[in-house]
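Here you go, one structure.
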Amino acid sequence: MKILITGGAGYVGSVVIPKLIEDGHYVKCLDRFFFGDEYLSQSQFINKLELIKDDIRWFKPNILEDIPIKIKTATKIKKKAATYPENL
């Protein structure tokens, strides 16, 4: 089954996506990848996961075609995440 998950690179999405793939699903991940996509770019996900770098506020609706299941784990943020000195 094809599944779209928004916010897939976040904490919840990065836990859910491997489970969905393990169960035999093909997953499209829509995310801004603000913190990177290294985890989801691993070889174990090749041909099972499509990464779409976009924003939930203005993505192209055609990515929803032929996707019967949508899982929303994304949220809108107003400020960048805090950064901390390395010595903390």
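For the range 1-27, give me the residue count where each residue is assigned to a strand (DSSP E or B) and touching a Leu at 6+ places or on another chain (Cβ under 9 Å).
6
Inside the range 1-28, can you point out the residues that are touching a Ser or Thr at 6+ places or on another chain (Cβ under 8 Å) and of a type outside the set (Ser, Thr, Tyr)?
Residues satisfying the conditions are 5, 7, 8, 10, 12, 13, 16.
Pairs, please: C-beta under 6 Å, at least 6 apart or cross-chain, first residue within 9 Å of residue 3 (Cα to Cα) and assigned to a strand (DSSP E or B) and in the range 59-78, second β-branched (Val, Ile, Thr) and modelled with pLDDT of 85 or more?
Hits for this filter: 69/3; 71/5.
Right, residue 60: out of contact with any helix residue (DSSP H, G or I) (no Cβ under 7 Å at 6 or more places or on another chain), on the phi < 0 side of the Ramachandran plot and modelled with pLDDT under 85 or not?
no
Does residue 28 satisfy being farther than 14 Å from residue 2 by Cα and under 9 Å from the mean Cα position of the chain (by Cα)?
Judged against the criteria, residue 28 is not a match.
If you don't mind, another one. Against the conditions (1) of a type outside the set (Gly, Ala, Ser); (2) touching a Lys or Arg at 6+ places or on another chain (Cβ under 8 Å); (3) at pLDDT 90 or above, where does residue 48 fall short? Just the number, please.
Here residue 48 meets the rest and fails (2).
The values are calculated or read from the model by the stated rules, or taken from the named source; none is laboratory data. This one's a predicted model, so the numbers in the text were calculated from it and none came from an experiment. Glycine gets a Cβ as well: all are built from the backbone with ideal geometry, and neighbour counts include every protein chain shown.
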